[in-house]
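Structure record follows, encoded as structure tokens.
The values are calculated or read from the model by the stated rules, or taken from the named source; none is laboratory data. None of these values were measured; they are calculated from a predicted model. Cβ: placed from backbone, ideal geometry, glycine included. Neighbour counts: every protein chain shown. Accessible surface is based on the protein model in full, side chains and every heavy atom, while ligands, DNA and RNA are left aside. Shrake-Rupley method; radii C 1.70, N 1.55, O 1.52, S 1.80 Å.
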Amino acid sequence: MSAVIIDGALVAEKWRADISARAAAFAAQHGHAPGLGVVLVGDNPASGQYVRMKRRACEQVGITSLAEILPADATQEQVEAAVARFNEDAHVHGILVQLPMPPQINEERVLRHVSLDKDVDGFHPENIGLLGMKGREPLFTPATPTGCMELLRESGVTLEGANAVVIGRSNIVGLPVALMLMKANATVTVCHSRTRDMARIVREADIVIAALGRPNFVTADWLKPGAVVIDVGTNKIEAPDDPRGYKYVGDVDFEGALSVAGAITKVPGGVGPMTITMLLANTMKAAERLALHAADGAR
Ligand code: NAP
């Protein structure tokens, strides 16, 4: 048996075509494009790279991207003031606070300042709280977990009643994806660094979400035959055969898993392309929602 590859790049492309069409319609109706405001503090190279990628992705679909770039020694007040300017700006519909922030900044306080209507990263404590509550729905859900859920839908797996195992419990991936799976009526087990006998737990899983950040950690013998595997891990490893001298691999031993899993994502080309796409989708949703509210208010 060889697993079906869930092609994140292809799924992301379909989403982006839809977002482009909606962004063009929005711009034609309102005289300006949907806008994403990015707050970046300091010169962390990885954060700078992510912000550039997001900016490029915005341009490709017709979303305007604006940036507030603050120095590494910026104060809490300066960062909150940057968020406040975006909150007030009618041409900015989504706000993204690029994390991590320098140590003098209280990230939670910054995130609390983001207008709920513009919280396209889904990290406002109220949106995360609503995600965890039965019968409640957050306005926005975080990009990477939302991308995982879309890829699961694409695989055709039945979520209701499925045994899902999430490896990792970070605020940005493991925890929210576990909450989303629970909302979708899966039975969810969350593993982390203190979990005992993880292989035994994973072997029970119809769905495995690997988000721990350890290269090739989950091996084929951990998987139940036919399991659907979403590999979030993005680990840079040395690769003498690669002209760059390095490559990226996931948290799952992809080659081994191919012969056991029913479906699996690749790294790269799986969750990665979906992450930025879900941010674009949230920005588009925020713009349409705010425009609708403005129209209702004007009536
Ligand atoms: P993180 O904040 O470092 O969290 C890692 C989680 O994995 C923690 O909950 C940790 O447990 C758990 N863990 C670590 N080592 C473990 C082990 N040996 N056994 C069991 N659990 C273990 O990482 P993250 O931000 O969630 O990211 C996880 C991975 O996803 C990384 O490779 C990252 O690069 C990747 N990622 C990819 C995308 C994308 O768009 N493709 C987006 C975000 C992240 P404790 O809580 O007990 O410490």
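Once both labels are positioned 7 Å from their Cα atoms along Cα-to-Cβ, the gap between residue 242 and residue 2 label points is 2.2 nm. Local charge for residue 294 was computed over the other residues whose Cβ lies under 13 Å away, with Lys and Arg +1 and Asp and Glu -1, and equals -1. Helix 45-61 and the longest principal axis of the C-alpha atoms of the chain enclose an angle of approximately 70°. Annotation: peptides 104-117, 200-213, ranked by per-residue average of other Cβ atoms within 10 Å with the highest first, follow the order 200-213, 104-117.
Per-residue packing, averaged as other Cβ atoms within 10 Å, sorts the ranges 232-238, 177-183 into the order 177-183, 232-238, beginning with the highest. Axis angle, to the nearest 10 degrees, between helix 8-30 and the longest C-alpha principal axis of the chain: 10 degrees. Over all other residues within a Cβ to Cβ distance under 15 Å of residue 182, the charged ones net out to +1, with Lys and Arg as +1 and Asp and Glu as -1.
With a cut-off of 13 Å between beta carbons, the residues surrounding residue 159 carry a summed charge of -2, where Lys and Arg count +1 and Asp and Glu -1. Normalised by residue number, the volume inside the convex hull of the Cα atoms of the range 143-272 is 102 Å³ per residue.
Each label was represented as a point 7 Å from its Cα along the Cα-to-Cβ direction; for residue 104 and residue 84 these points are 1.9 nm apart.
The C-alpha atoms of the chain define a longest principal axis, and helix 271-298 lies at about 30 degrees to it. When the P(r) is computed for the range 1-116, the part past 18 Å accounts for 58% of the Cα-Cα pairs. Per-residue 3J(HN,Hα) values for the range 192-197, derived from phi via the Karplus relation 6.51 cos²θ - 1.76 cosθ + 1.60 with θ = phi - 60°, read 8, 5, 9, 5, 9, 6 Hz in sequence order (x marks Gly and Pro).
In plain terms, the bigger the Kirkwood radius, the slower the diffusion; for the chain, with that radius from Cα pairs, at 20 °C and 1.002 mPa s, Stokes-Einstein puts D at 107 µm²/s.
Listed values for the range 65-70 are Karplus-derived 3J(HN,Hα) couplings in whole Hz (6.51 cos²θ - 1.76 cosθ + 1.60, θ = phi - 60°), namely 10, 10, 10, 10, 9, 10, and x replaces Gly and Pro. When +1 charges are put on Lys and Arg Cβ atoms and -1 charges on Asp and Glu Cβ atoms, the dipole computed for the chain relative to its Cα centre reaches about 320 debye. Here the range 143-272 carries DSSP beta bridges of which approximately 20% are antiparallel, counting only pairs with both residues inside.
Take every Cα pair under 8 Å whose residues are at least 6 apart in sequence, average their separation, divide by the length of the chain, and the relative contact order is 22 percent. Given the pairs 118/236; 183/285; 247/285; 118/224; 54/247; 14/247, which are separated by over 29 angstrom at their Cα positions? Among 118/236; 183/285; 247/285; 118/224; 54/247; 14/247, the Cα-Cα distance tops 29 Å for 118/236; 247/285; 118/224.
Against the criterion of solvent-accessible heavy-atom surface with a 1.4 angstrom probe, 265, 189 sort, most first, into 189, 265.
Our helix-only sum for the chain, with -39,500 (n - 2.57) per DSSP H run of n ≥ 4 divided by its residues, gives a mean residue ellipticity at 222 nm of -13500 deg cm²/dmol.
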